[in-house]
Amino acid sequence: MRLLAFLGVVLASALAFPRLGLHEGYTRLVFDLEAKTQYQIAQSPDTLTIRFQGIKVGAADVDVSSPQVASYQVVVASNSVTVFVRLKPSVEIKSVVLEDGNRRRLVVDVLASAQAPAKPNPPPKGLEPPRPRTQPKVVVIDPGHGGVDSGAVGFVVEKEVTLDLALRLRQLLQKEGIEVVLTRSSDTHLSPDKATDLGLRAEMANSKRNLFVSIHVNSAPNVAQGIETYYFGSVLDPSLLAQVIRENGGGELGRRLTQEAQSVGERLVRDLIAQSNLKFSRQLAHYVQGALVQATGAVDRGVRQAPFYVIRNARIPAILVEVGFANHPEEGRRLQTEAYRQTLAQALARGILRFLSNGE
Ligand SMILES: [Zn+2]
């Protein structure tokens, strides 16, 4: 039995993508590839991005917490796999490709930078430096859809309303000294491939930000109206199936991404950090939903859980808000007006600010 368990561990690490090695002074990531596998590497100060074409591996989100690497995430799209490696400050990258017949290995080492200042000696007791100034809060706002993807269409077009609300909300939050990151600030998609598009948006919900709000407009085949706010959950109420599939990209793809998000949810049940983050997400959802319903008098459809792909792996409190129904004859027309949009944006800001000031 013990041998079997051991073999299981060896097998799991042999299949891991990437294989991870923690060494004195560096963290090594090894990608096992076929000789013909194409890839591109890009690096920003805090993220190393490697995109592979035509390989099949599973999605992953792994906390590394080594001195050089915070975490990595493997985002799987229909014809590419993107690995985001989140770097600690003051590191440098060395990569090498080792050919071996029809296989090859891409070896990426993340090292402590040679230029990094040496660690100063700790100050003598009683002379500790003052605590650093508190960092500004950072909020990520995700205006749903954009570019090739219009989202719901009725009396309004979803991608236009979500962008307008996000721009208004950004202005309101900035006035309060909050830093705002938008997943898009114009009528554009992040990728024409919807799975990649949602993966890139989700990637912005990383642990350097305080919270993530995805804004959407609903639609329904029957006459429905009102506002609802979601946080992530793997259990899918059958009455929500069509809506969740639509927001997850629609059609066959939407069905697949919904299943993927559900399986992430099943793993999260055993992840204590994820569970505590879900509690904060629920709290944020209640504040935002309460503020929206109070400000608009709209029908309160409540706070709910569903496997939305864009918030499935968030490491910070994350919610998805459906601000109303595009095809409802009254609500859809209200969503056309600037005054109503400003009311919605103000209420979103109030809910967010209340959450931030309660100290996470
Ligand atoms: Zn949407």
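The values are calculated or read from the model by the stated rules, or taken from the named source; none is laboratory data. Predicted model only: the values in this text are computed from it and were never measured. Note: ideal-geometry Cβ built from the backbone for every residue, glycine included; neighbour counts use all protein chains shown. When the accessible area is computed, the model is the full protein with side chains, heavy atoms only, and any ligands, DNA or RNA have been set aside. Shrake-Rupley method; radii C 1.70, N 1.55, O 1.52, S 1.80 Å.
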Legend entry - Computed magnitude of the charge dipole of the stretch 17-112 (debye, nearest 20; Cβ of K, R +1, Cβ of D, E -1): 220 debye
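Just by accessible area at a 1.4 angstrom probe, what is the order of K56, K208 from largest to smallest?
Descending order: K56, K208.
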Legend entry - Degrees separating the helix 194-203 axis from the principal Cα axis of the chain, which is the longest one: 80 degrees
Inset, instruction - Can you pull the one-decimal nm distance between simple spin-label points at I273 and T37, each 7 Å off the Cα toward Cβ? - result: 2.5 nm
Inset, instruction - Report the extension gain between R333 and R304 in nm, rounded to one decimal, defined as 0.36 nm multiplied by the number of residues separating them, less their alpha carbon distance. - result: 7.9 nm
Legend entry - the stretch 300-315 - phi-based ³J(HN,Hα) in whole Hz, Karplus 6.51/-1.76/1.60, Gly and Pro as x: 8, 8, x, 9, 9, 10, 7, x, 7, 4, 5, 10, 6, 10, 4, 9
Legend entry - Paramagnetic reach from S65 in the stretch 306-334 [backbone N under 17 Å; point 7 Å along Cα→Cβ]: 315-316
Inset, instruction - Calculate the dipole size of the chain relative to its Cα centre from +1 charges on Lys and Arg beta carbons and -1 charges on Asp and Glu beta carbons; express the result in debye to the nearest 20. - result: 820 debye
Inset, instruction - On each of the three principal axes of the Cα atoms of the chain, give max minus min coordinate, whole Å, ordered largest first. - result: 64, 59, 43
Inset, instruction - Find the all-direction average of the projected area of the Cα convex hull for the stretch 17-112, expressing the result in square nanometres with one decimal place. - result: 5.7 nm²
Legend entry - For the stretch 275-328, alpha-carbon Rg relative to the globular expectation (2.2 N^0.38 Å, N residues): 1.21
Inset, instruction - Return the long-range amide H neighbours of S214 (sequence gap of 5 or more, or a different chain), with a cut-off of under 5 Å between placed amide H atoms. - result: D142, I319, L320, V321
Legend entry - Helix-only [θ]222 nm of the chain, DSSP H runs n ≥ 4, -39500 (n - 2.57) each, per residue, nearest 500: -10500 deg cm²/dmol
Legend entry - Global size of the stretch 219-279 as Cα Rg and Dmax, reported in angstrom: 13.2, 40
Inset, instruction - Anything over 27 Å Cα to Cα? Flag those among K175/K208; K94/K194; K36/K159; K137/K194, in the order listed. - result: K94/K194; K36/K159; K137/K194
Inset, instruction - Find out how many positive minus negative residues lie around Q73, taking Lys and Arg as positive, Asp and Glu as negative, among other residues whose Cβ is under 15 Å from that of Q73. - result: +2
Legend entry - Per-residue ³J(HN,Hα) for the stretch 328-343, Karplus 6.51 cos²θ - 1.76 cosθ + 1.60, θ = phi - 60°, Hz, x for Gly and Pro: 7, x, 8, 5, x, 6, 4, 5, 6, 8, 4, 4, 5, 5, 5, 4
Legend entry - Additional length obtainable on full extension of the chain from V235 to N358, 0.36 nm per residue less Cα span: 41.4 nm
Legend entry - Area of S113 that stays accessible when all protein chains are in place (1.4 Å probe, Å², to 10): 20 Å²
Legend entry - Long-range amide H partners of K137 with built H, under 5 Å: E179
Legend entry - FRET efficiency for K208 and N102, using Cβ-Cβ distance with R0 set to 41 Å, rounded to 0.05: 0.55
Legend entry - In sequence order, calculated HN-Hα J values of the stretch 29-36 (Karplus, 6.51, -1.76, 1.60; Hz; x Gly/Pro): 10, 10, 10, 8, 10, 8, 4, 8
Legend entry - Distant-in-sequence amide H partners of L87 (H built 1.01 Å from N, under 5 Å): T47, L48, A70
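Restricting to the chain, compute how many DSSP beta bridges are antiparallel as a %, nearest 5.
75 percent
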Inset, instruction - Give me the accessible area per residue for the chain, probe 1.4 Å, as a whole number in Å². - result: 50 Å²
Legend entry - Selection from G251, S71, P238 lying farthest towards where the dipole of the chain points positive, charges on Cβ: S71
